[in-house]
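Trainee: Below is a structure I'd like to ask you about.
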Amino acid sequence: MHFRIEREGDINFIHPVGRFDGGPDCEQLQMLVAEIAKSDCRKVVFSFSLTRWINSCGVGKIIAAKFVMDEINGRFVLCDLEGHNMTVINTLRLDQVFEIYDSIPDAVKALKQDCFTQTPS
C-alpha cells in the first residue's frame, strides 16, 4: 500500500492505494497529516476510490488523522466508500464521526462551504 497525494487550492487529497491494513505505510499517514497540519492548507479529502481493503489499523489511523485536523480547526472528510470499506465504517458507527461523501466532487463542494454538512452515502 502507498498513498497518492494531490493538492488543489486549499484542499489536500489523500488516496490510499491497495490494502490499508497496517505496516510502515500506515505510519506514513501520520506523517502526511502532521505536515498538512503545519501548512495553511487544512482541508483533507481522504478518498477510498483506490483502496481495496481497510482493517482496524487503517481505521485507527484515519481516526487519529481526523483528531489532528480537528485540533487545528481543519477538516478531514471521507469519500468513495463502497463494499467492505463502507461496511467497516458503518459497523463501527464512524459514519457518525466523519463527514462522508459519495464522491470527490461532493466532498470538495462541502469543503468549499462554510458549514459542516454530512450527506448520506
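Trainee: Quick check on the exposure proxy: order L81, L111 from fewest to most C-beta atoms within 10 angstrom.
Mentor: Sorted ascending by nearby Cβ count, the order is L111, L81.
Trainee: Over the chain, calculate the relative contact order: mean separation of alpha carbon pairs under 8 Å at least 6 apart, over the residue count, as a percent.
Mentor: 23 percent
Trainee: Using the Karplus curve 6.51 cos²θ - 1.76 cosθ + 1.60 with θ = phi - 60°, what ³J(HN,Hα) values do you get for each residue of the stretch 105-111, in whole Hz, with x for Gly and Pro?
Mentor: x, 5, 5, 4, 4, 5, 5
Trainee: Still on this structure: Given the -39500 (n - 2.57) contribution per DSSP H run of 4+ residues, what per-residue ellipticity at 222 nm results for the chain, rounded to the nearest 500 deg cm²/dmol?
Mentor: After summing the helix terms and dividing by residue count, I get -12500 deg cm²/dmol.
Trainee: While we're looking at this one, here's another question. How do T91, T51 rank when sorted from fewest to most other Cβ atoms within 10 Å of their own Cβ?
Mentor: The most exposed by this proxy come first: T91, T51.
Trainee: In terms of modelled amide H atoms, which long-range or inter-chain residues lie less than 5 Å from the amide H of F46?
Mentor: Here the answer is I14, V77, L78, C79, since their amide H atoms fall under 5 Å of that of F46.
No lab work stands behind these numbers, since they all come straight from the coordinates. What you are looking at is a predicted structure, and each value in this text was computed from that prediction instead of being measured. Please note: Cβ atoms are built from the backbone with ideal geometry, for glycine as well, and neighbour counts cover all protein chains shown.
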